[in-house]
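Here is the structure we will look at.
No lab work stands behind these numbers, since they all come straight from the coordinates. Keep in mind it's a predicted model, so treat the numbers as computed, not measured. Note that each Cβ is placed from the backbone with ideal geometry, even for glycine, and that neighbours are counted across all protein chains shown.
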Amino acid sequence: MIKYFVLLFILLFSVASPALAIYDPFSVTNNRVGVHVLSPDELESAARLVNNDRRGSWGYVTVPIQATDRDREKWTRFMKKAAELKIIPIIRVATIVDGAHWLKPADNDLIDFANFLNDLPWPTQNRYVVIFNEVNRADEFGGAVSPEDYADILTNAIDIFKRRSDKFFILPSALDNAAPNGGQFMRWDAYLTRMHARQPEIFNKIDGWNSHAYGNPAFSASPVLSGTNKADSFQSDLTFLTKFTQKKLPVFITEAGWSRASLDDRTIATFYNHAFYNAWANREIVAVTPFLLFAGSGPFLNFSLLAKDGQPSLAYQAIQTFAVTGLPLIEDYSTPTPTVTPTASPQAAAILGTEITANQLGLWQKIVNFFTNFFRKNQFTQTISVGEKKYQVEVVSSASDMALGLAKYDRLENDQGMLFDFQTKASPSFWMKNMKFDIDIVWISDGVVVGVSRGSAATPFSLINPASPIDSVLEINPNSGIKIGDRVKINL
């Protein structure tokens, strides 16, 4: 196929939204201890901290993933290792650095991230995803502060991720609560107010709240102090949000900490101890992932909980003692034994091969091929004319059929195709994931061809988009000769 993802999917399909599959993280025994890491390779070191050398379990690890780091094997290993070590990942999506700032995300970035992260074997049923970082700073959001743009991006992200899986637990970007107003910054409360003005339902749509609870100014303020830029800043956030929503938002503190530029190790350890006993013991907090596990000799050395030689600091040891045994709901990837149906694909023989002897395999393949070919021929029941050409097409209009598309077929006959009927104007994105052959993608609007794109099986994850909104798409064999302006007649 071609799997597609429509940015405003709700407008395309007037169906009731499915019940949420995420669970309340407070409905289970929770280990709120966590840590922020810069690389998935640090998972084992992180587990020793957040699970207190196996005295606890299911602590949290916040880790960023950049748009250029969507390595399937690497992140699959990470998720499997997280399950083995009993770690709950919090994945913060990020774009890439361009000069002095992070690039502003586009809708295609969200689609790519949703597709990629949905395919990974998450260890728990809740899939915690943070949508970008400290967006009230220009250097974190394309060089300019725009709460309106971020409100739109977050709204799209929620729709896109939830359509891929209702197990995604979406957290907004944490804000820099110490940022001033003006120039390259915007105060956190002004930013939230403008987000709400742009998208009035945005704070009802998010699944939890994300906070960076540093003790400011200068990352040195005692956790005894309370305020909008202190270690309990999430309290100010939640109070302010009651102006916009009555939803009870569980809190995830994905960054926190104090700097050795101003404080010694013993003081920082004391501050962590006080915060975990008091401000961060709040019943609304799910996880606290201090920044940072290991900085090496990098720019964040003053925040590192491990020394350059890997030795734990006093702060590390203080945090470690708060780990308990968590009992999250675990994702179950066990698959029931497949049953043979008339519509089984040829690949079903490979799936069931362990239950079939070598002598039976040839007969089994013949049976599968017979039923596959019989039903395949009977799927292409409608006729469509494009210019002087005619095709027998399979018409798909449901979300599940569109998501599968032509990936269920090994080939098409020259007069066959698949017609995607959107029933309204849209600008969907297509990709060639799991496709076995190249195709022409014919974009149609109001009965006229408005564009033709090539879909290549060799580039399965490249997004293919129409130049303008369309209401239907025809997928056929490549080199069709169809051109812009051809009239389309569908005999449904």
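Only bridges whose two residues both fall in the chain count here: according to DSSP, what percent of them are antiparallel, nearest 5? Mind showing how you got there, number by number?
Numbers: 38 of 75 bridges.
Antiparallel bridges: around 50 percent, rounded to the nearest 5.
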Can you list the lysines whose alpha carbon sits under 24 Å from that of residue 205, skipping same-chain ones fewer than 8 residues off?
104, 162, 167, 243, 247, 248
Pick out, from 448, 327, 46, the residue whose Cα sits farthest towards the positive end of the charge dipole of the chain, with +1 on the Cβ of Lys and Arg and -1 on the Cβ of Asp and Glu.
327
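Once you keep just the Cα pairs under 8 angstrom separated by 6 or more residues, what percentage relative contact order results for the chain? Don't jump to the answer; show the numbers that get you there.
Numbers: 1016 pairs, mean separation 79.8, N = 492.
Value for the chain: 16 percent.
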What ranking of 463, 43, 293, 225 emerges when the number of other C-beta atoms within 10 Å of each C-beta is taken as an exposure proxy, fewest first?
225, 463, 43, 293
Using the Karplus curve 6.51 cos²θ - 1.76 cosθ + 1.60 with θ = phi - 60°, work out ³J(HN,Hα) for each residue of the stretch 202-208 in order, rounded to whole Hz, and write x for Gly and Pro.
4, 7, 8, 8, 5, 9, x
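Roughly how large, in nm² to one decimal, is the mean projection of the convex hull of the alpha-carbon atoms in the stretch 382-491?
Working: hull surface 24.1 nm².
Result: a mean projected hull area of 6.0 nm².
Could you state, as a whole-number percent, how many of the C-alpha pairs of the chain are farther apart than 33 Å?
Working: 56353 of 120786 pairs.
Of the Cα pairs, 47 percent sit more than 33 Å apart.
Provide the gained length on full extension for the span residue 190 to residue 73, in nm with one decimal, where the gain is 0.36 nm per separating residue minus the Cα-Cα distance. Intermediate results must be reported in sequence, preceding the final value.
Values: separation 117, 0.36 × 117 = 42.12 nm, distance 4.16 nm.
In short, 38.0 nm is gained.
Could you compute the FRET efficiency for residue 438 and residue 301, with r as their C-beta to C-beta distance and R0 at 51 Å, rounded to 0.05?
Details: r = 51 Å, r/R0 = 1.00.
Efficiency, from the Cβ-Cβ distance: 0.50.
Could you list 170, 439 in order of exposure, starting from the residue whose Cβ has the fewest other Cβ atoms within 10 Å? Walk me through the numbers on the way to the answer.
Values: 170 22, 439 26.
Lowest to highest Cβ neighbour count: 170, 439.
Based only on Cα atoms, what Rg/Rh ratio does the stretch 190-313 have, Rh being taken as Kirkwood's radius? All intermediate terms of the calculation are to be shown ahead of the outcome.
On the way: Rg = 16.0 Å, Rh = 15.6 Å.
Here Rg/Rh amounts to 1.03.
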The simple spin-label model distance between residue 119 and residue 483, using points 7 Å out along Cα→Cβ, in nm, is 3.7 nm
Using a basic spin-label model with each label point 7 Å from the Cα along Cα→Cβ, how many nm lie between residue 390 and residue 491?
0.5 nm
Quick one: 3J(HN,Hα) in Hz for the stretch 102-116, Karplus 6.51/-1.76/1.60 with θ = phi - 60°, rounded, Gly and Pro as x.
7, 4, 6, x, 10, 4, 5, 4, 5, 4, 4, 5, 4, 4, 5
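Using only the Cα atoms of the stretch 453-492, build the gyration tensor, take square roots of its eigenvalues as a ≥ b ≥ c, and label the shape rounded, prolate or oblate: rounded if a/c is under 1.5, else prolate if a/b is larger than b/c, else oblate.
Numbers: a/c = 1.98, a/b = 1.55, b/c = 1.27.
Prolate, since a/c reaches 1.5 and a/b exceeds b/c.
Sorted by mean Cβ packing within 10 Å, highest first, what order do the peptides 206-216, 422-432 take? Spell out each step's value before the answer.
On the way: 206-216: 24.3, 422-432: 19.1.
Top to bottom by mean Cβ count within 10 Å: 206-216, 422-432.
In debye to the nearest 20, how big a dipole does the stretch 382-491 give about its Cα centre with +1 on each Lys and Arg Cβ and -1 on each Asp and Glu Cβ? Don't jump to the answer; show the numbers that get you there.
Details: 11 positive and 13 negative charges, 32 e Å.
So the magnitude is around 160 debye.
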Gap in Å between the Cα centre of the stretch 181-198 and the Cα centre of the stretch 412-432?
41 Å
Looking at the stretch 382-491, how many pairs of lysines come closer than 21 Å at the Cα, when each pair is eight or more places apart or spans two chains?
8
